[in-house]
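Asker: This is the structure I want to talk about, given as structure tokens.
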Amino acid sequence: MDWTKAKTILIIAILITNIFLLVTYSVLQDNNEQSDEDLQLETIALLESKNIYVKDSLPIKHDKMPVLIVEHDRIDPYELQQYIWEQIPLDESKRSREGSIKLAENFLKRCGLWSSNVELDRVEQEGQRTFVHFKNVYNGIRIEKSYIICTIEDGQIIEVERSWLNPVEFGRTKKATMSASAALISLMSQKHELESILVEDMEMVYWLEETDYVSQTTISDTAFPAWKITYNSGQTKYVPAYND
């Protein structure tokens, strides 16, 4: 037997097989993407028939996710008040939006309340007061109902409202999460028949149902993936994202 020729034939056969598998995979991916797009269009049409309108396109990606173990965190209110009393007011020339953000960040760092999970959410102005809102983001996913709000007046922090969850670890098992389309179908089943809804935004978050946490000790809890649906000028609805 001509082993050189046999080896050449074998290599060519392997190459042809690999090309075939690559083409087949690409076609299947295209079909899946097309199916997702078709499903989204069909879902939007169904929702509109029920007076639910989507401002932008729906998120298509919905990966498997684990639960997130968190711990409730708090600071001694007397200690926090001491930091407030010790402040030096910001110079009037620096009392801008950016100056307020920097003031709030530096204050939280002095109090030991700053971490890599703290991210700016938004800044609001009401009369002479500026409200700097911070959110809790872990591995790129927001932890809902976990926030810090610094109230600024006359160049200094006058109040800090804080409800914080420290992420500890992810659960060991990742589970399938429902699509954005399925979450909206769930919303549709809960709304009043004549109610009109404009969906402004959808985001996958970690969500922990509100509890009256007043303990002085550390308490662990479990946050679950959920679709956060923002609608009708800022109203929110949470739909648990696990399929079962």
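Asker: Multiplying the sequence separation of T230 and Q125 by 0.36 nm and subtracting their Cα-Cα distance, what value in nm do you get?
Answerer: Numbers: separation 105, 0.36 × 105 = 37.80 nm, distance 2.17 nm.
Net length gain for the segment: 35.6 nm.
Asker: Expected output is a single nm value to one decimal: the length gained when fully extending between S57 and W114, i.e. 0.36 nm times separation in residues minus the C-alpha distance. What is it?
Answerer: Details: separation 57, 0.36 × 57 = 20.52 nm, distance 3.48 nm.
Full extension from S57 to W114 adds 17.0 nm.
Asker: From the backbone phi of region 81-88, what are the Karplus-calculated ³J(HN,Hα) couplings (6.51 cos²θ - 1.76 cosθ + 1.60, θ = phi - 60°) in whole Hz, Gly and Pro given as x?
Answerer: The phi angles translate into 5, 4, 5, 5, 5, 7, 5, 10 Hz.
Asker: Normalising by the residue count of region 110-152, find the relative contact order in percent from Cα pairs under 8 Å and 6+ residues apart. Numbers along the way, then the final one.
Answerer: Numbers: 61 pairs, mean separation 14.0, N = 43.
RCO, region 110-152: 33 percent.
Asker: Which of the peptides 113-120, 149-156 is most tightly packed, and how do the rest follow, going by the mean number of other Cβ atoms within 10 Å of each residue?
Answerer: Values: 113-120: 14.4, 149-156: 17.1.
Ranked from most to least packed, the peptides come out as 149-156, 113-120.
Asker: With the crude spin-label approximation of a point 7 Å out along Cα→Cβ, what separation in nm comes out for S96 versus E195?
Answerer: It is 4.3 nm.
Asker: Now, a different point. For region 85-244, what is the relative contact order in percent, using Cα pairs closer than 8 Å and at least 6 residues apart in sequence?
Answerer: Values: 227 pairs, mean separation 27.2, N = 160.
Across region 85-244, relative contact order equals 17 percent.
Asker: Turning to a different aspect of this structure: Length gain on complete extension for the stretch Q82 to S163, per 0.36 nm per residue less the alpha carbon to alpha carbon distance?
Answerer: Numbers: separation 81, 0.36 × 81 = 29.16 nm, distance 1.91 nm.
That pair, Q82 and S163, stretches by 27.3 nm at full extension.
Asker: Report, by chain and number, residues whose modeled amide H sits under 5 Å from the one on A241, excluding near sequence neighbours (fewer than 5 apart, same chain).
Answerer: Under 5 Å from the amide H of A241: A226, W227.
Each reported figure results from applying straightforward, stated rules to the coordinates on display, with no laboratory input. Predicted model only: the values in this text are computed from it and were never measured. Note: ideal-geometry Cβ built from the backbone for every residue, glycine included; neighbour counts use all protein chains shown.
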